[in-house]
Amino acid sequence: MKLQNDLILRTAKGEKTERTPVWLMRQAGRVLPEYRKVREKMGGFKELVETPEFACEVTIQPVDILGVDAAIIFSDILVIPEAMGLPYQMLEAKGPWFERTIQNKADIDALHIAEGEDLHYVLEAIRLTKKGLNGRVPLIGFAGAPWTIFSYMIEGSGSKTFSKAKKFLYTNPRLAHTLLEKITESTLNYLLAQVKAGADMIQIFDSWAGVLSPEQYREFSLRYITRICDGLKAETNVPVTVFAKDAFFARKDISEINCDTIGLDWTMDIAESRALIGPGKTLQGNMDPCLLYASDEVIVNETHKMLKAFGPLRHIANLGHGLYPDTEKEKVKLFVHTIKEFRF
Ligand code: CP3
């Protein structure tokens, strides 16, 4: 089906567009009272993710309510460890938790390499959402980067330092690579299946990129992201975004891989990033989500500043990380509206 609004796809490919497109990380979620209503009806986060009709409903909500230029499929990066054999729970106010974690070679050998069909509920949610969107805006599919997924598999939850995951890299680098290989293969299978099911664009989230040194980042993260990008490019023509949170040191390296868009967080200077990355990639971001706690006037001024700093070409407006749950919906709407009204 032909898309009525393909601004994001054209911007990702480097075409000049009539205005800067916008979507928001974590746009489907707790900032919307409409989401909380569906979530209460379902009981829990996982039930929502695993029931395609409801995942579809909350995926489309921000398109209707916030007016964003893309939808992102409602799911989580942790469905991959689960499909490989490590089930997760989402604890209220605590976040993800794994009952079993990876400790040794036997644990890694026992892991299954996921096929797309292992995540049939996500694929079904994508198919339903494509129908429901009816060509209004593109649908973004996603997965975690292998390093970020590895971290959760070793730690079993979030962490301030990710010291257990990093200890594994220093004490058992060969085994670490074995595990990263398995995650990479599973993730590529899953992303290819998402594209087949209808995803128009893919984003890879490397949320814990920032705990690695530049050298470790190249060896244990970028190597595998590169493989996923190459695998996607070999079999599809959807644009690919790489978002490596806090990895300011890796911007130049990321500019050399087979992706279309690079996500920036708010600590990364816009002009410096463009100079490091060069003109060949689209940049996405990078407003501090905390701006949305400010007055309307400050939000409009800062948003204009951001748009001018990126300029009219190759920019997809977004935040530098996901929306915080206590953000007011009206402030989010103002941010989106300000971007959509702006012209160079
Ligand atoms: O709107 C969207 O962006 C699409 C859905 C989406 C979710 N998680 C839903 C979710 C996406 C793209 C993710 C990615 C994700 N999940 C990442 C990468 C992006 C990032 O934030 O760095 C990570 C690290 C996770 C793991 C995860 N999931 C954590 C750490 C948490 C708890 C903390 C938090 O931010 O809420 C989750 C839960 C989660 N994933 C919620 C949502 C809407 C909140 C669950 C709820 O209470 O309803």
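The values are calculated or read from the model by the stated rules, or taken from the named source; none is laboratory data. Note that the structure is a prediction, hence the values are computed from the model and not measured. Counting neighbours? That spans all protein chains shown, and the Cβs are built from the backbone with ideal geometry, glycine included. Remember, those area values only see protein heavy atoms, side chains included, never the ligands or the DNA or RNA. Shrake-Rupley method; radii C 1.70, N 1.55, O 1.52, S 1.80 Å.
Things worth noting here:
- Selection from the range 230-252 of residues that are under 14 Å from the mean Cα position of the chain (by Cα), closer than 19 Å to residue 314 by Cβ and not polar (S, T, N, Q): 239, 240, 242, 243, 244
- Members of the range 295-343 that are in a helix (DSSP H, G or I) and within 17 Å of residue 35 (Cβ to Cβ): 329, 330, 331, 332, 333, 336
- Taken together, the residues in the range 143-163 that are open to solvent by 20 Å² or more (accessible area, probe 1.4 Å) and either within 16 Å of the ligand (Cβ to nearest atom) or out of contact with any helix residue (DSSP H, G or I) (no Cβ under 9 Å at 6 or more places or on another chain) (or both) amount to 7.
- Selection over the range 313-334 of residues that are of a type outside the set (A, V, I, L, M, F, W, C), away from the ligand (no atom under 16 Å from the Cβ) and surrounded by 14 or more Cβ atoms within 10 Å (Cβ to Cβ) gives a count of 3.
- Residue match in the range 279-294 (condition: assigned to a strand (DSSP E or B), in contact (Cβ under 8 Å) with a residue 60 or more places away in the chain and not acidic (Asp, Glu)): yes
- Only residues that are within 11 Å of residue 23 (Cα to Cα) and in contact with a helix residue (DSSP H, G or I) (Cβ under 9 Å, 6 or more places away or on another chain) were counted in the range 308-321, giving 3.
- Cβ-Cβ contacts under 9 Å between residues 6 or more apart (or on different chains), taken from a first residue in the range 262-277 that is farther than 23 Å from residue 323 by Cβ to a second residue that is open to solvent by 70 Å² or more (accessible area, probe 1.4 Å) and not aromatic (Phe, Trp, Tyr), are listed as 276/252; 277/252.
- Residue 274 being more than 16 Å from the ligand (Cβ to nearest atom), closer than 27 Å to residue 15 by Cβ and at pLDDT 95 or above: yes
- Within the range 242-266, the set of residues being touching a Lys or Arg at 6+ places or on another chain (Cβ under 6 Å) and among the β-branched types (Val, Ile, Thr) comprises 262 only.
- Taken over the range 176-194, the criterion of being more than 16 Å from the ligand (Cβ to nearest atom), free of Cβ contacts under 8 Å to residues at least 60 places away in the same chain and touching a Gly at 6+ places or on another chain (Cβ under 7 Å) is satisfied by 188 alone.
- The residues of the range 221-237 that are among the basic types (Lys, Arg) and more than 16 Å from residue 183 (Cβ to Cβ) amount to a single one, 233.
- Extreme residue, least open to solvent (accessible area, probe 1.4 Å), among residues of the range 238-289 that are of a type in the set (Asp, Glu) and within 28 Å of residue 330 (Cβ to Cβ): 265
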